Amino acid sequence: MKGRTWLLPILLIVYLSLCIASQDGEDTDRHTNNWAVLVCTSRFWFNYRHIANVLGMYRTVKRLGIPDSNIILMLADDMACNPRNTHAGQIFNNANRHLNLYGKNIEVDYRGYEVNVENFIRVLTGRNHPSSPRSQRLLSDERSNIFIYMTGHGGDEFLKFQDNEEITSRDLADAFEQMHQQKRYKEIFFMVDTCQANTLYKQFYSPDIIAIGSSKKAENSYSHHADQELGIAVIDRFTYYTLDFCEKVNETSQATLLDLFSSYDYNKVHSHPEWRTDLFHRPLDTVLLTDFLATFLTVNHCNHHIPSQHRQFLPKNRHQMTSLHHEINRPMRPRRIQLHSKPSSAYHS
C-alpha cells in the first residue's frame, strides 16, 4: 500500500471535483464558466495599436483568472516580429514601455491569414474543421458567459478583416442566434472598438446579449497616444480607458458594468460610447464586471470527513482552488498503467 501513496492526490482531486460540481437547487440558473474571444482584425504596421488593444484585454482577463484554455486569441498580424519593430519580440501599449504585452505566456490561437470572417464565425458557432485542435475551439455551453472583444477598422454596420473582407452586423446577429439555438451561451458581453462601432450591434436580436461600442454612427474612434520611437499610435482611447478602469478590478471586485460604462468621458475618449441593453434581462447595476472578465468558481460545502493525513493535499487559498479547478477540467492524455508493480518515475515527476 505504501507504494501507492501517489494515488492519494488523484483521489482527492476526484473527490473535490465532485464537491465543486455539486450545485444546490437555487443555483441551477447561475452561469458556471467564463470564456473570452478576443479579436484583432487588422494587418500592417500602422495598425500596431489594434494588436496592442487586444493584447491589453488578453492580459486583463488572464490577470483576473480566465485560463488560456478558455480564451480564443485571434491576431491578424505579428507586430512583435515586424522588422520595423525596434523592440523585437515585444509589444507595448504605453509610450513608457514598462509592460511587455507579448511575453512568454501568450498563446495565440489564430494568427495572420487564419484570422478571417469564416474562421471567426466557425469559432462562435462551433462549426470548426474536424482537424482543429482544442485550443481553437469555443467549448462553451448553456451555462457559459462569453466576453467578445473586437477591434480594427470599421464603418456603418461592418468591421473589416485583413483589409479585404468584412463582417456585418447581420452576420454577427445570425451567428449569435445560432449560438442561442445551439445553447452555446448563457450571457454574452460584446465590446467593439472601431469607427462607428455602435452600428455593429444594431441588428442583434438574440436574448441575453449586452453590447457596447466605442463610437456612434458617422463618428470615428481615436488613438490615445503615440510612441515617438516607433513612430505610431500604440493604443486606442476607448480601450485605454477601459483597461485603466479594469486595473482597479480584482477577482472579488463588486464593480458593475454600469460603473464601467458610466466612467467613459467624451473629453477623454473623444467619441460617444453607447450600449444596448434591451436584449439583456438583468439591470446593469447588478451585473458584475467579473461575471464576464474573471474566472468563475462556485464551491459548495461537502458534509464529508477528510482524514487529517490527507488534508495536506487540500488547497489552502482561493488561488490554489482556482488552479485545482483548472487542473480538474484540463483534458488528460490516456496513460497506460501496469498493475501489481511499483509506480514508474513518471508518477513522481
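Each value in this text was obtained by applying a stated rule to the coordinates, not by laboratory testing. These numbers come from a predicted model, not from an experiment. Quick reminder, even Gly has a Cβ in these numbers, built from the backbone with ideal geometry, and neighbours come from all protein chains shown.
Given segment 147-292 reduced to its alpha-carbon atoms as identical point scatterers, what log10 I(q)/I(0) does the Debye formula return at q = 0.21 Å⁻¹?
-1.39
Cα-based Rg (one decimal) and Dmax (whole number) for segment 235-281, in Å?
Final numbers for Rg and Dmax: 11.8, 33 Å.
Which entries of 183/216; 183/248; 104/248; 160/202; 160/216; 62/183 show an alpha-carbon separation above 27 angstrom in the structure shown?
Pairs exceeding the cut-off: 183/216; 183/248.
Give me the Debye-computed log₁₀ of I(q)/I(0) at q = 0.15 Å⁻¹ for segment 108-196, equal point scatterers on Cα only, no solvent, two decimals.
-0.59
At a 10 angstrom cut-off on C-beta neighbours, averaged per residue, how do the peptides 215-225, 30-40 rank from highest to lowest?
Result, highest mean Cβ count within 10 Å first: 30-40, 215-225.
May I ask you to work out the translational diffusion coefficient for segment 71-151 at 10 °C, viscosity 1.306 mPa s, via Stokes-Einstein with Rh from the Kirkwood sum over Cα pairs, reported in whole µm²/s?
D = 109 µm²/s.
Can you give the relative contact order of segment 58-109 as a percent, counting alpha carbon pairs under 8 Å and 6+ residues apart?
32 percent.
Using the Karplus equation 6.51 cos²θ - 1.76 cosθ + 1.60 (θ = phi - 60°), what ³J(HN,Hα) coupling, rounded to whole Hz, does each residue of segment 47-52 give in order, writing x for Gly and Pro?
9, 3, 4, 5, 4, 5
Roughly how big is segment 91-237's charge dipole about its Cα centre, with Cβ charges of +1 (Lys, Arg) and -1 (Asp, Glu), in debye to the nearest 20?
So the magnitude is around 400 debye.
Tabulate in residue order the Karplus-calculated ³J(HN,Hα) for segment 258-274, using 6.51 cos²θ - 1.76 cosθ + 1.60 with θ = phi - 60°, rounded to whole Hz; enter x for Gly and Pro.
5, 4, 5, 5, 6, 7, 6, 10, 4, 5, 9, 7, 6, 8, 10, x, 9
What are the extents of the Cα atoms of segment 41-198 along their three principal axes, in Å, largest first?
Rounded to whole Å, the extents work out to 48, 35, 30 Å.
Under 19 Å Cα-Cα from residue 186, which aspartates and glutamates qualify once same-chain neighbours fewer than 8 residues away are excluded?
Correct list for residue 186: 24, 26, 27, 29, 141, 142, 174, 177, 208, 278, 285, 291.
What ranking do 120-130, 179-189 get when scored by the average of other Cβ atoms within 10 Å per residue, highest first?
My ranking of the peptides, most packed first, is 179-189, 120-130.
With both partners inside segment 134-277, how many of the DSSP beta bridges are antiparallel, as a percent to the nearest 5?
That works out to approximately 50 percent antiparallel.
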